[in-house]
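K.L.:
Take a look at the following structure, please.
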Amino acid sequence: MGRAAVKDIRVEASKTSVRERTVYRLTMMSVLAGLCIASLVLSVSFGALHIPAGEVVKALLSDGDGVNRQVIWNIRLPRTLVAGLVGICLSLSGVILQGIMRNPLASPGIIGVSSGSGLAAVIILIVLPNYYYLVTPFAFLGAFAATILIYLLAWKNGINPMRLILSGVAVSAFLGAGINALMILFPDRVHGVMSFMVGGLAARTWKHFYILWPYTLIGTAAAMVISPKLNVLMLGDEIAISLGVKVERTRMAFIALASLLAASAVSIVGILGFVGLIVPHITRLIIGSDHRYLIPASALSGASLLMACDTVARVIMDPVEIPVGIIMAALGAPFFLYLLRGGIKSDA
Amino acid sequence: MLKADNLTLGYGDNFILRDLELTVERGDLVAIIGVNGSGKSTLLKALSRSMRPCRGVVYLDGRSIFRQDTRSVARKLAILPQAPKVPEDFTVRDLVSYGRQPHLAWNSRMKPKDFEMVDWAMAATRIDYLQHRLVSTLSGGERQKAWLALALAQQPQILLLDEPTTFLDIGCQFEVLELVKNLNRELGITVVMVLHDINQAARYSKTMVVLKDGSVYKSGTPREVITEEVIAEVFHVRVKVLEDPDNHCPYFIPLSGSVNCPLEVGSYGKDNFLDRRSG
């Protein structure tokens, strides 16, 4: 057989493989979308009062009256939707940061979102407890301010991802010291702070949903639009510059977007650190590192994971509710390790 | 078409290149040589706008490269850095497609013309049969050709290559160099490359530039540059320069005892090191 013929066969074979890869990605995407809907229905269905899934769907899709409908529309649905939005925001923030820093340990915490919002919230809750309603805007501003501070401190003829990460660690430690100091100095007021520090969804309602959805929508849309640029940045700064990407400006825009997404989520539900680190990894193992697929897939898996974990958090020790952050870590970490050790073949 | 004027480069107060002058003519094939740390890669970074000079200007077609829109520069000038990284699950086609980035509209949507150019770039470098393979599974030579195809998909007039043959076996080295030579000859792409192997540089370049002590020590045709004096002065190696009758270019062989032997065993080594072995 001639060399050309062999080549033809290989081209044919690899064409099949690319078709399979696309089919695989789209299948996985539909699976994730299905998972997302399933999590939503389950999350609304389970609770102190169990409502069968059929009734949930009926109540969601049609008018009517009754206790079930009241419970669903007034209590469970808003909370579940907030969980979904938070999952989307934190996951996207993590994907973006891991991408631009080309570092698997990057997460919203690394750009100061956790420590910045934490300190702001602690200051309000401990020092000025009468102004508790300011926690959300202050946590948001604190997170954003910490990001700006870290970015400025890391700037030296441009931003080097490693320097950004190290300056993030240092600033977070510094702000963390402030948080701890306040908690030690006011031990009697610590209880109110704890739920913010571990992140929880208790009593989240339409009000929170209305604050959160514009950020989620804008952030997700922006992330989808710039996802090809994120792929280019993955090739390294020099190649990206060669391809005409304004690397510094693009990176700054990405960091601002990541901070905005994470800050809006954290200011509503408190510090849920784990989601932004682990959901991107889980999704990458499933769908690959092409951000055009990774970004929508992460949004879907982040939303499903958080809604599912929140359901567990409400049900597992009923009537006591466990903060969702604890469930996330307890279930997410082993699942992640399982994937990491080859539970899913990632040759696609 | 590419000109470095009074260029001073460095990190902080530590200048690597000082007041360097260099002009690259259209259609030239330039090899930059010099000892380790002489600033070859740094110069290439400045020429490719990856690094801002401390003083001086790099001109592309008569205008400062930093004053021009970076996307329009990207349509003229492509860079292939040393050992670039690629995500594990990118296919060759994915990678080469990114070469179209500077030609795409804001939404990064590929048009038929872009797909054609990607196909052509892979065919021209003869890697089309690898197009659906993952880049991470390619051999060193195949990978380097994939990167060249990426640069080619950019449709550049100038191509800057930083040690394109490092880490390749000898067959792949010549394959890459032949490819570069043909890009220059057939497509008229101006090439500036940093090479470690001086004999390869002499054989494949039209102009050689020797860097020493932060500036251009000598530049000219390989015949002008490859002399026993220059090699002795710059690389501290005594050589014999010969003429390659096949390729019509100069080459050299190091003479015996051409450098001082760096090993000094001394009496302690003789007594103790050798002693330990026998006993």
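The values are calculated or read from the model by the stated rules, or taken from the named source; none is laboratory data. Keep in mind the model is a prediction, meaning the values are calculated, not measured. Counting neighbours? That spans all protein chains shown, and the Cβs are built from the backbone with ideal geometry, glycine included. What goes into the accessible areas is simple: the full protein's heavy atoms, side chains included, and nothing from ligands, DNA or RNA. Shrake-Rupley method; radii C 1.70, N 1.55, O 1.52, S 1.80 Å.
K.L.:
Run the helix sum for chain A: -39,500 (n - 2.57) per DSSP H stretch of 4+ residues, divided by residue count, reported at 222 nm to the nearest 500 deg cm²/dmol.
P.N.:
Roughly -25500 deg cm²/dmol at 222 nm, from the helical runs in chain A.
K.L.:
Next question. Rounded to the nearest whole Å², what accessible area per residue is found for the protein assembly as shown with the 1.4 Å probe?
P.N.:
47
K.L.:
Does any residue of the range A:239-259 lose at least 20 Å² of accessible area with all protein chains in place compared with its chain alone, and if so which ones (probe 1.4 Å)?
P.N.:
Residues losing area: A:239, A:241, A:242, A:243, A:244, A:246.
K.L.:
Which loop-located chymotrypsin sites (Phe, Trp or Tyr not before Pro) does the range B:103-158 contain, where loop means any DSSP state but H, G, I, E or B and the Cβ has at most 12 other Cβ atoms within 10 Å? Could the numbers behind the result be given before it?
P.N.:
Working: sites: B:106, B:115, B:120, B:129, B:147; in loops: B:106.
Passing both the DSSP loop test and the Cβ count: B:106.
K.L.:
Count charges around residue A:81 for me, please; just the other residues with Cβ under 14 Å from its Cβ, Lys/Arg as +1, Asp/Glu as -1.
P.N.:
With Lys, Arg at +1 and Asp, Glu at -1, the neighbours total +3.
K.L.:
How many Cβ atoms of partner chains, on average, are near each residue of B:121-131 if near means within 10 Å of its Cβ?
P.N.:
Whole-number average of other-chain Cβ neighbours for B:121-131 is 2.
K.L.:
Estimate the FRET efficiency between residue B:36 and residue A:155 by the formula 1/(1 + (r/R0)^6), using the beta-carbon distance for r and 41 Å for R0, to the nearest 0.05.
P.N.:
0.85
K.L.:
Can you give the local net charge around residue A:310? Use residues other than it whose beta-carbon is closer than 13 angstrom to its beta-carbon, Lys and Arg +1, Asp and Glu -1.
P.N.:
It works out to a net charge of +3.
K.L.:
Amide H to amide H under 5 Å from residue B:249: which residues, 5+ apart in sequence or cross-chain, H placed 1.01 Å off N in plane?
P.N.:
Long-range HN contacts for residue B:249: B:244.
K.L.:
For residue B:240, go through the aspartates and glutamates and keep the ones whose alpha-carbon is under 19 Å away, minus same-chain ones fewer than eight residues off.
P.N.:
Residue B:240 reaches B:197, B:224, B:228, B:229.
K.L.:
If you average the C-alpha positions of the range A:92-130 and of the range B:87-137 separately, how far apart do those two centres end up, in angstrom?
P.N.:
37
K.L.:
Averaged over peptide A:154-164, how many Cβ atoms belonging to another chain are found within 10 Å of each residue's Cβ?
P.N.:
Working: counts 0, 0, 1, 4, 2, 0, 0, 0, 0, 0, 0.
Neighbouring Cβ atoms belonging to other protein chains average 1 per residue here.
K.L.:
Taking only Cα atoms and a 10 Å spring cutoff, compute GNM fluctuations for chain B and point out the largest among B:104, B:161, B:263.
P.N.:
Result: B:263 has the largest fluctuation of those listed.
K.L.:
Put B:240, A:229 in order of accessible area, largest first, 1.4 Å probe: what do you get?
P.N.:
B:240, A:229
K.L.:
Based on the alpha-carbon gyration tensor of chain A and its eigenvalue square roots a ≥ b ≥ c, which shape applies: rounded if a/c is under 1.5, prolate if not and a/b is larger than b/c, or oblate?
P.N.:
Oblate, because a/c is 1.5 or more while a/b does not exceed b/c.
K.L.:
What number of lysine-lysine pairs in the range A:42-343 show an alpha-carbon separation below 25 angstrom, given a sequence spacing of 8 or more or placement on distinct chains?
P.N.:
Working: A:58/A:207; A:156/A:229; A:156/A:246; A:229/A:246.
Lysine pairs satisfying the spacing and distance rule in the range A:42-343 number 4.
K.L.:
Amide H neighbours of residue B:220 under 5 Å, at least 5 residues apart or on other chains, H built in the peptide plane: list them.
P.N.:
B:208
K.L.:
Once B and A are treated as a pair rather than alone, how much accessible area drops out, both sides summed, in Å² to 100, probe 1.4 Å? It would help to have the intermediate numbers written out before the result.
P.N.:
Values: alone 14930 and 17060 Å², together 29260 Å².
By this definition, chains B and A bury close to 2700 Å².
K.L.:
As an exercise, use a Förster radius of 51 Å and the Cβ-Cβ distance of residue B:182 and residue A:26 to find the FRET efficiency, rounded to the nearest 0.05.
P.N.:
Computed FRET efficiency for residue B:182 and residue A:26 comes out at 0.80.
K.L.:
Charges only on Cβ, +1 for Lys and Arg, -1 for Asp and Glu: so what's the dipole of chain A about the Cα centre, in debye to the nearest 20?
P.N.:
860
K.L.:
Dipole size in debye (nearest 20) for chain B around its Cα centre, Lys and Arg Cβ +1, Asp and Glu Cβ -1? Walk me through the intermediate numbers first.
P.N.:
Values: 35 positive and 34 negative charges, 184 e Å.
Dipole size: approximately 880 debye.
K.L.:
Counting Lys and Arg as +1 and Asp and Glu as -1, what is the net charge of the other residues whose Cβ lies under 13 Å from the Cβ of residue A:156?
P.N.:
Details: positive: A:163, B:52; negative: A:248.
Spelling it out: positives minus negatives among the neighbours equals +1.
K.L.:
Moving to a separate point now. Name the residue from A:302, A:67, A:124 whose Cα lies farthest towards the positive end of the charge dipole of the range A:42-343, charges +1 on Cβ of Lys and Arg and -1 on Cβ of Asp and Glu.
P.N.:
A:302
K.L.:
How compact is the protein assembly as shown by the rule of thumb for globular proteins, expressed as Cα Rg over 2.2 N^0.38 Å?
P.N.:
So the protein assembly as shown has a normalised radius of gyration of 1.18.
K.L.:
Additional query: Taking each residue in B:69-82, count the Cβ atoms of any other chain within 10 Å of its Cβ, then average. What number comes out?
P.N.:
3
K.L.:
Give me the number: length gained by fully extending residue B:110 to residue B:247, i.e. 0.36 nm times residue separation minus the C-alpha to C-alpha distance, one decimal in nm.
P.N.:
Roughly 45.1 nm would be gained on extension.
K.L.:
Now, a different point. Would you mind pulling out the separation of the Cα centroids of the range A:306-324 and the range B:14-61, in Å?
P.N.:
A separation of 61 Å, based on Cα centres.
K.L.:
Another question, then. If A:290, B:69 are ordered by their accessible area, calculated over protein heavy atoms with a 1.4 Å probe, which sequence runs from highest to lowest?
P.N.:
B:69, A:290
K.L.:
Which pairs in the list B:85/B:145; B:40/B:76; B:85/B:206 are over 26 Å apart, alpha-carbon to alpha-carbon?
P.N.:
B:85/B:206
K.L.:
Can you figure out the FRET efficiency of residue A:166 with residue B:11, using R₀ = 25 Å and their beta-carbon distance, to the nearest 0.05?
P.N.:
My answer for the efficiency is 0.85.
K.L.:
Along the charge dipole of the protein assembly as shown, Cβ charges K/R +1 and D/E -1, which of A:260, B:36, B:124 sits furthest on the positive end?
P.N.:
In the protein assembly as shown, that residue is A:260.
K.L.:
May I pose another question? Using the Kirkwood radius over C-alpha pairs as Rh, can you work out the diffusion coefficient of chain B via Stokes-Einstein at 25 °C, viscosity 0.890 mPa s, in µm² per second?
P.N.:
Values: Rh = 20.6 Å.
Stokes-Einstein gives a translational diffusion coefficient of 119 µm²/s.
K.L.:
Could you go through the range A:70-80 in sequence order and give the Karplus-derived ³J(HN,Hα) for each residue, using 6.51 cos²θ - 1.76 cosθ + 1.60 with θ = phi - 60°, rounded to whole Hz, and x for Gly and Pro?
P.N.:
4, 4, 5, 6, 8, 10, 6, 4, x, 4, 4
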